[in-house]
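The values are calculated or read from the model by the stated rules, or taken from the named source; none is laboratory data. None of the values given here were measured: they were computed from a predicted structure. Here the Cβ is made from the backbone with ideal geometry for all residues, glycine too, and neighbour counts use every protein chain on show. The area values use the complete protein model at the heavy-atom level, side chains included, leaving out ligands, DNA and RNA. Shrake-Rupley method; radii C 1.70, N 1.55, O 1.52, S 1.80 Å.
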Amino acid sequence: MTIAILPARLANQIAAGEVVERPASVIKELIENSLDAGATSIHIDVDKGGIKKIKITDNGHGIVKEELTLALSRHATSKIKNLTDLEAIDSLGFRGEALASISSVARLTLTSKPETQATAWQAVAQGRDMSVQIMPAAHPDGTSIEVLDLFFNTPARRKFLRTEKTEFNHIDEVVRRIALANFSVSFMLTHNGKTVRQYHLASTQAQCTKRVAMVCGPKFIQHAVEIDCPHDNMKLSGWLAKPSFSRSQNDLCYSYVNGRMMRDKLINHAIRQAYADLLPPDTYPAFVLFLQLDHREVDVNVHPAKHEVRFHQSRYVHDFIYSVCHKALTSALAGEELFTAPESDLALVPEQSYAAVGDNTAQVSQATNASSPTVNYSRPDYVRPLQQVNDVSNSQSSYGYRGNAQQAQTQKISPEAVANYQALMTPHTDAASEVALAADSKKYFTLEHEVATQQGCSNQSIFLSIHQPGYALYEVESKVRVLSLFKLAKSTYGKLVAQSWQKNSEQEEGAITGLVSQPLLLPVMVSLSAQQLKLAVAEQEKLAQAGVIFVEQVKNKIQIRQFPALLREQDVSHAFIVILDELRQKQKVNNGKQLAEQDFYHSIGVAMVLAQYDETQAEILLKLSKKLFNEQLSEQLLLNSIPLDLTSHIKQLL
């Protein structure tokens, strides 16, 4: 048996086995070509489930006459030119195999007219030799591709096709999937001369939502949470259905990477893990999610049909998708008794091994999934506030599926349980350090719990009125004074930080000095000025004691990996910049002398101050001040207020 080079036609037919599986595969390849050509209107016309005829018409850039023959040749493409382009593919097609493969198993007619060309030209490819004939034609700006008699010359392939209805259902699903990812393009699908689908161009968010409702159904939108979360060089947006909208089949699972529809194992694993125990057994979530990231960070040339991709930082991408989806679901369901409380005070959900999705080296840390939704641990550093497209009534029953889907029973989280969670989320240290961390965490959270309890039990207030952004009137010794809530907050939070700071002299040998540090699930990249960066690097050891762990990057950037638990409600990047600016002011006041621990107390306390205070927040601040200052509260109020002179105002009324 001798080795010989295969004829071009046979080679194309072999390639068609990967590209052209059924009529829906042809339509997918042709629509992607239209999208790469910049089309804003695409018409798909099929007969007999696409077996008899497929015709795609668009208003894209078109193909010039001289390149029509080349367009039907194998490995001919305008998408990439060299290896560098292959490593950062920003188009849907790039291999140059689709048209050549389709023309080898069907009768193909390509008609195109660029805007700069006076007339349209047509290329016809059929027959044994696959010779291409060029002739003039009448056609508006854009391109039309007609595919007749699919698999007419390969009977073995043709007999594997299903019924007309089945094949059209596959075509319909492909068009629906592509329409979801391209809101700026209008689509029309006709079958046997009848219009089946028509999606108009969507330019506003409301129109995009309407298209999603047309594809996935109005009930999906009614039960969906809309997300839009940028982080670093990635962005995850789209719609997540609540667990109450669980499906018996995975027919509403749509995920996209840079506009390319995917059935990727890593993405599906992260999303499924975000739902965790929220879904009943043998059910599937519903979602429409779009992941955008640098094209150089993803390899799309790993699957024949391009349904799967390979991420350069797969663990990072997986955790990002999981955290955003998990935060969206828990935020949306905060008012619904969704989670079943176990025997202990805090539910710890075991994590699946990530080896199941092909990454044997990556293991999901137990701490990652231990963030039970019942603990309100907000992450404003990488998750923006999420908005529901349409609120659903909170009269739904509980969805805590445990065993035979038993109904959840609401239990309050005790301060000890929260302290245990805090200790769990801190980096591993020796036993003495862990005891110190748990004790400090318990002390702080117990303080907050007592303050909240006092607020709920007492309706008495010394404040006469609150004036935004942060001022209050109060009466003392029959006189009215104006209190700056901002100054009081700085003093109060500064003292809170000082009390939380763990002193070596007060702890056992080997205990950690400083504040309890909270590891971030996703590191936060922060851009600093030259002066801020210089200060951060110079005081890196002291900042580490304060709970800020960061790594210096290029171009005046740092990557924050851990942050003080006291600042868990604050935006990480903003809070860190506030801390640095306050430390710089302290340096100027001290004439460049070394910063003391008290300077860090004050700076971190300033980062905890709110931008404005309403009545509820002012009362919480007052109760916390009472707890911290005790008998010295009156002195603090006097120091941070001025008397209100009513004499001149009274004289005007006389």
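Annotations for the structure displayed:
- Rounded Å value of the spacing that divides the Cα centres of region 205-264 and region 615-654: 50 Å
- For region 217-299, the dipole from Cβ point charges (+1 on Lys and Arg, -1 on Asp and Glu) about the Cα centre works out to 240 debye, to the nearest 20.
- FRET E, pair K626, V589, Förster distance 41 Å, beta-carbon r, rounded to 0.05: 0.85
- Take the Cβ atoms of Q499 and E87, set R0 to 56 Å, and the FRET efficiency comes out at 0.55.
- Checking the cross-link pairs K534/K586; K159/K306; K265/K306; K159/K194; K28/K235; K48/K194 against a 21 Å limit on the alpha carbon distance flags K159/K306; K159/K194; K28/K235 as lying beyond it.
- Over every Cα atom in region 559-600, the radius of gyration and the widest Cα-Cα span, Dmax, amount to 11.8, 33 Å.
- Projected area, mean over directions - region 147-289, Cα convex hull, nm²: 11.3 nm²
- Each peptide in 178-185, 84-91 receives the mean, over its residues, of other Cβ atoms within 10 Å, and ordering these scores from highest gives 178-185, 84-91.
- Per residue accessible area in Å² of region 542-609, where ligands, DNA and RNA are left out and the probe is 1.4 Å: 46 Å²
- Each peptide in 27-39, 547-559 gets a packing score, the mean of other Cβ atoms within 10 Å over its residues, and the list from highest to lowest is 27-39, 547-559.
- A4/S237 FRET efficiency (R0 51 Å; Cβ-Cβ; nearest 0.05): 0.45
- Nearby lysines by direct alpha-carbon distance to K626 (threshold 19 angstrom, same-chain neighbours under 8 apart not counted): K443, K487, K490, K495
- F550 long-range amide H proximity, modeled H, under 5 Å: R561
- Principal axis analysis of the Cα atoms in region 541-654 yields extents of 68, 34, 30 Å, listed in decreasing size.
- Span per principal axis, largest first, for the Cα atoms of region 1-107 (Å): 52, 41, 27
- Taking the alpha carbon gyration tensor of region 481-601, multiplying each eigenvalue by 5 and rooting it gives semi-axes of 22, 19, 16 Å, largest first.
- Take each peptide in 158-168, 562-572, 309-319, count the other Cβ atoms within 10 Å of every residue, and average; sorted highest first, the result is 562-572, 309-319, 158-168.
- Per residue accessible area of region 85-129, 1.4 Å probe, in Å²: 40 Å²
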